[in-house]
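Okay, so here's the structure we're looking at.
The values are calculated or read from the model by the stated rules, or taken from the named source; none is laboratory data. Note that the structure is a prediction, hence the values are computed from the model and not measured. For neighbour counting, all protein chains shown are included, and Cβ atoms are generated from backbone atoms with ideal geometry for every residue, glycine included.
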Amino acid sequence: MSDITGYEDWPAYMATHPLLDGDEWTSLAARLMGIPTFDKPNPYIVRTWEVSGSDLGPVPETVEIPGLSEGKDTLTITEYAWDCGFGPRNHGYLMHLTGTNPTTLPTLMHLHSHNLIKSIGAYRDLPLSADDHCEQAEIARHYRQGQSATLATLAALKGHAVFCPDTFSWGARRFTLDSPRLLPYVDLLSAADSPLWRRYDDLAMFHEHIAAKASIDLGTTYPGMIAYDDLISLDIARALLGSTPAVMGHSGGGGRATNLSALCPDISRVGVLNMMTTLAGLLPDHVATHSWGVHIPGLARVSDLPDLAANRRKADLFVLYGLRDALFPAQGMSDAHNRLTRLFTDQPGHYTAQFLDCDHDLTPEGMAAALTWLG
């Protein structure tokens, strides 16, 4: 009976790989999150396809895409796969305007959110071709009905080369979830008439607690394992794109961007969308609303989330705040903004804040603001 089905080789890997080391911030973040070193990945192409026209999804009126009216709306997507050292292979998707060389374009690594959807990861951010009937696409269709073009798609339409990877316990890197210990939850979901197509995601909410416990027992953490996968993905993005991309994400993806920037001193642009507060702001009323990916053991004793995002003060940081975001208290967001403003005073990097009258969802106005900052 395995509680970590699909990841049975994870303990042996952790036992044979020391923690990541680097400058002061890299070492601090790696130590707090328990991030091991990794071997050089060797990605290979799984498939390549094109998506155009109506399959891209409606473009919000708030977003201007030069050339779209002239029919320059076809994107080429290349799917890559690679070994992460343990567990299932990871997958990532490189997206850019058809006919362009991605190494000549401005670059972005877009990090998907949590959003209680773990059956798919990056696929939720891709445009869905009518001809694409893989398992990931079919699941994405259930969740994406009627939605406008995603932020990653819009960035690619604006001329960026966008790399969208899955990460630990999402999409290609998901757990199998066939443990008998989950059977009571299966019965509970059946009684609640949970649709079969979202049964995995419902079970994954329960299993995340198991994955987090296993992480701690292995000398790492749940956010540390997510960051481990993202570090490998960043290494692949550098190789494919010829440069270190900007990193950006919404919600849990914003938390991933924060952690990744603290680990990598060469990241020069960081976008954190609807994912910023002080740690003190989470207590006492905003703990249960967040996944294990937010909670870094020991961070509060040595630093805080705004400091983690500011880290070396060399990068340009964009933070989007929703004034009606129920996941974060207004005081926590305000305190984080004030802290970031002070941290970036007279520093080589720049902090840009955008406050919108919105909830936790990434609205068309939020996407427009992020794309404007991205350039």
- Message: Can you pull out every residue in the stretch 50-62 that is surrounded by 18 or more Cβ atoms within 10 Å (Cβ to Cβ) and either within 30 Å of L177 (Cα to Cα) or at pLDDT 90 or above (or both)?
- Response: V51
- Could you tell me whether T37 is surrounded by 13 or more Cβ atoms within 10 Å (Cβ to Cβ), closer than 24 Å to E8 by Cα and among the hydroxyl-bearing types (S, T, Y)? yes
- Message: Tell me yes or no: at least one residue of the stretch 283-292 is not in a loop (DSSP other than H, G, I, E, B) and not aromatic (F, W, Y).
- Response: no
- Could you check, for the stretch 148-160, whether at least one of its residues is more than 30 Å from T74 (Cβ to Cβ) and either aromatic (F, W, Y) or within 21 Å of the chain's Cα centre (by Cα) (or both)? no
- Inspect the stretch 73-89 for any residue being in contact (Cβ under 8 Å) with a residue 40 or more places away in the chain, hydrophobic (A, V, I, L, M, F, W, C), more than 29 Å from D132 (Cβ to Cβ) and surrounded by 21 or more Cβ atoms within 10 Å (Cβ to Cβ) and give the result as yes or no. no
- Item | Candidates P306, P265, filtered to the one that is in contact with a Lys or Arg (Cβ under 8 Å, 6 or more places away or on another chain), assigned to a helix (DSSP H, G or I) and not basic (K, R) | P306
- Message: Any residue in the stretch 269-292 that is under 12 Å from G332 (Cα atoms) sitting within a Cβ distance under 7 Å of a residue that is of a type in the set (S, T, N, Q)? List the pairs, counting only those 6 or more apart or interchain.
- Response: M275/S251; G281/Q331
- Which residue, of R47, R31, is among the charged types (D, E, K, R), surrounded by fewer than 18 Cβ atoms within 10 Å (Cβ to Cβ), without any contact (Cβ under 8 Å) to a residue 24 or more places away in the chain and not in a loop (DSSP other than H, G, I, E, B)? R31
- Query: For residues in the stretch 174-203 being within 18 Å of Y222 (Cβ to Cβ) and in a loop (DSSP other than H, G, I, E, B), which is modelled with the lowest pLDDT?
  - Reply: S179
- Filtered residue count, the stretch 321-375, keeping only those that are closer than 24 Å to G159 by Cβ, touching a residue at least 60 places away in the same chain (Cβ under 8 Å) and outside any loop (DSSP other than H, G, I, E, B): 9
- Task: Would you check if there is a residue in the stretch 204-214 being over 24 Å from M276 (Cα atoms), modelled with pLDDT of 95 or more, within 15 Å of the chain's Cα centre (by Cα) and aliphatic (A, V, I, L, M)?
- Result: no
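Residue-wise test of (1) assigned to a loop (DSSP other than H, G, I, E, B); (2) surrounded by 22 or more Cβ atoms within 10 Å (Cβ to Cβ).
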site: L116; (1), (2): yes, no
site: I120; (1), (2): yes, yes
site: P127; (1), (2): yes, yes
site: D132; (1), (2): yes, no
site: I139; (1), (2): no, no
site: S148; (1), (2): yes, no
- Go over the candidates T352, T289, T363 one by one and state the one that is polar (S, T, N, Q), surrounded by fewer than 16 Cβ atoms within 10 Å (Cβ to Cβ) and farther than 24 Å from F168 by Cα. T352
- Query: Hey, D229 hits all of (1) acidic (D, E); (2) more than 30 Å from L19 (Cβ to Cβ); (3) surrounded by 21 or more Cβ atoms within 10 Å (Cβ to Cβ) but one; which does it fall short on?
  - Reply: (2)
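A quick yes/no check of all residues on (1) more than 22 Å from R141 (Cβ to Cβ); (2) modelled with pLDDT of 95 or more; (3) aliphatic (A, V, I, L, M):
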{"position": "K40", "(1), (2), (3)": "yes, no, no"}
{"position": "E64", "(1), (2), (3)": "yes, no, no"}
{"position": "S69", "(1), (2), (3)": "yes, no, no"}
{"position": "Y80", "(1), (2), (3)": "yes, yes, no"}
{"position": "R89", "(1), (2), (3)": "yes, yes, no"}
{"position": "L105", "(1), (2), (3)": "yes, yes, yes"}
- Query: Quick check: is even one residue across the stretch 103-113 among the aliphatic types (A, V, I, L, M) and part of a loop (DSSP other than H, G, I, E, B)?
  - Reply: yes
- What number of residues within the stretch 150-173 are charged (D, E, K, R), assigned to a loop (DSSP other than H, G, I, E, B) and surrounded by fewer than 24 Cβ atoms within 10 Å (Cβ to Cβ)? 1
